[in-house]
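The values are calculated or read from the model by the stated rules, or taken from the named source; none is laboratory data. Computed from a predicted structure; not experimentally measured. All Cβ positions, glycine included, derive from the backbone under ideal geometry; neighbour counts span all protein chains shown. Please note that ligands, DNA and RNA were not included when accessible areas were found on the heavy atoms of the full protein model with its side chains. Shrake-Rupley method; radii C 1.70, N 1.55, O 1.52, S 1.80 Å.
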Amino acid sequence: TKELDGVFQKISSFQFEYFKEMIPEEFKELWQEGTQGGKHIIKLCGAGGGGFLLGISKDESLPKNAFFLGK
């Protein structure tokens, strides 16, 4: 899982840098915290105008709903 975490971290950083306009505003701060601190990883998934965000964390102190923003 260590190697997989490293790959996801690289993808997340790449997406944050090059696909920032596709990331909803309310997730940008949380996303950046993850890429800098390494406690969680957020990744864009899907293609063609639809999709979702995948949030991964091993930090059990992070609330289970930390990635669910909005209503």
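Descriptive notes on the structure:
- Checking each residue in segment 1-12 for being open to solvent by 50 Å² or more (accessible area, probe 1.4 Å) and either modelled with pLDDT of 85 or more or within 13 Å of LEU53 (Cα to Cα) (or both) picks out GLU3, LEU4, VAL7, LYS10, ILE11.
- Filtered residues of segment 11-63 (kept if basic (Lys, Arg) and more than 11 Å from the chain's Cα centre (by Cα)): LYS20, LYS58
- Subset of segment 1-38 [of a type in the set (A, V, I, L, M, F, W, C) and touching a residue at least 40 places away in the same chain (Cβ under 8 Å)]: PHE8, PHE27
- Among the residues making up segment 39-55, those that are in contact (Cβ under 8 Å) with a residue 12 or more places away in the chain and open to solvent by less than 50 Å² (accessible area, probe 1.4 Å) are HIS40, ILE41, ILE42, LYS43, LEU44, GLY55.
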